[in-house]
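Undergrad: What follows is a single structure, and I will ask about it in a moment.
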Amino acid sequence: MTIAEDRGTVANYIPELAKIEVGQFALAVALPSGEVFSAGASDVPFSIQSISKVFTLAIALGRLGDQLWSRVGREPSGLAFNSILQLEQENGIPRNPFVNAGALVVTDAILSGHKPREVLGDLLRFIRAAAEDEDIHINEIVARSEQATSHRNIALAEFMAAMGNMRNPTALTIGTYVHQCAVEMTTAQLARAGRFLLGAAGCPRLVSPARVRRINALMMMCGHYDGSGEFAYRVGLPGKSGVGGGILAIAPGKASIAVWSPGLNAQGNSKLGTEAIEALTKATGWSVFG
Ligand code: GLU
């Protein structure tokens, strides 16, 4: 396949992310054993942004179980990651845990009874255990940069509060959310962290096999927002993107793949990253669709 010359555009609504050099690229593949194969700048940390929603969802399901589904749905949205359109029509219940509104509900759910600092500590512990690597941190400058420009997410949270779907002060939920999005990881660390979703021997077992299947199903249907159908069609793996340009994709039982290239396509997903994972699954035959 030919790799497009056009690398897309970096996220410009978060000032710190707008400064990132668009030409960067890294790919890492982690096997169930933890062995990692990588290419490009796989030791450069980047902002995982919405990929953090996979980890917070796993934590929320661990704490609340199926009760979580009374507050957030499991259907693709077909709309942009930060859209507010469906929320009013659907009474403040977001379509899924990966659109921003849904992720805010998930963060709000794990915040109840805890301080933001404790929730972020639990999140880092989860990610570090998944990656078997203690050197994973939150970039405070990125968190503050997003916090200062969070008008849309504040609007989503306030609307859901008006509809009775927020349990904590929205400022606390937003503050926690922008910090979870500001976790930085290298592609090598992210690929290793994704192994808890492989459902294979040798991987960190942080959630039950039934939950692994369900998180993967949600990633397949909703992990790339209104580009989820296209990602399933082209790549054929459950995946989760972030506006920092990262993508985590899971080849169940076989490998956890992380790619990073900060230029985004129109749906806010890494342009070159998608092309690279597409080329990889084509070469390996790892699509779940055969
Ligand atoms: N922190 C970003 C936001 O809430 C995450 C979006 C994304 O990565 O898709 O806008």
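Undergrad: Kindly write out, for the stretch 193-209 in residue order, the coupling ³J(HN,Hα) from the Karplus curve 6.51 cos²θ - 1.76 cosθ + 1.60 (θ = phi - 60°), rounded to whole Hz, with x marking Gly and Pro.
TA: Computed from phi, the couplings for the stretch 193-209 are 5, x, 4, 5, 9, 7, x, 10, 4, x, 8, x, 9, 9, 9, 5, x Hz.
Undergrad: Oh, and also: Would you kindly state how much longer the chain becomes between residue 37 and residue 137 on full extension, computed as 0.36 nm times their sequence separation minus their alpha carbon distance, in nm to one decimal?
TA: Difference between extended and current length: 33.7 nm.
Undergrad: Also, quick follow-up: Based on Cβ point charges of +1 for Lys and Arg and -1 for Asp and Glu, what charge dipole magnitude is obtained for the chain about its Cα centre, in debye rounded to the nearest 20?
TA: With Lys and Arg at +1 and Asp and Glu at -1, about 720 debye.
Undergrad: Could you give each residue of the stretch 181-190 its phi-based ³J(HN,Hα) in whole Hz, using Karplus coefficients 6.51, -1.76, 1.60 with θ = phi - 60°, and x for Gly or Pro?
TA: Karplus values, whole Hz, x for Gly and Pro: 5, 8, 4, 10, 8, 8, 5, 5, 5, 5.
Undergrad: Still on this structure, I have one more. Given a cut-off of under 8 Å on Cα pairs at least six residues apart, what relative contact order in percent is computed for the chain?
TA: So the answer I get is 29 percent.
Undergrad: For residue 46, enumerate residues with amide H under 5 Å from its amide H, sequence gap 5+ or separate chain, H modeled in the peptide plane.
TA: Sorted by chain and number, the residues that satisfy this are 185, 186.
Undergrad: Put +1 on the Cβ of each Lys and Arg and -1 on the Cβ of each Asp and Glu in the chain; which of 225, 268, 209 then has its Cα farthest toward the positive end of the dipole?
TA: 209
Undergrad: Same structure again: When the Cα atoms of the stretch 1-141 are enclosed in a convex hull and the volume is divided per residue, what value in Å³ results?
TA: 174
Undergrad: Here is a further query. How big is Rg to Rh over the chain, alpha-carbon atoms, Rh as the Kirkwood inverse-mean-distance radius?
TA: 0.93
Undergrad: Hull surface divided by four, with the convex hull built on the Cα atoms of the stretch 7-56: how many nm²?
TA: Reported value for the Cα convex hull: 4.7 nm².
Undergrad: For residue 66 paired with residue 287, estimate the spin-label separation in nm (one decimal), with each label point 7 Å from Cα along the Cα-to-Cβ line.
TA: My value for the distance between the label points is 3.4 nm.
Undergrad: Pairs 19/254; 19/271; 19/53; 240/282: which exceed 29 Å Cα-Cα?
TA: Beyond 29 Å: 19/254.
Rule-based calculations on the coordinates, nothing more; no lab input. Keep in mind that this is a model prediction, so the values were computed, not measured. Neighbour counts run over all protein chains shown; Cβ positions are idealised from the backbone, glycine included.
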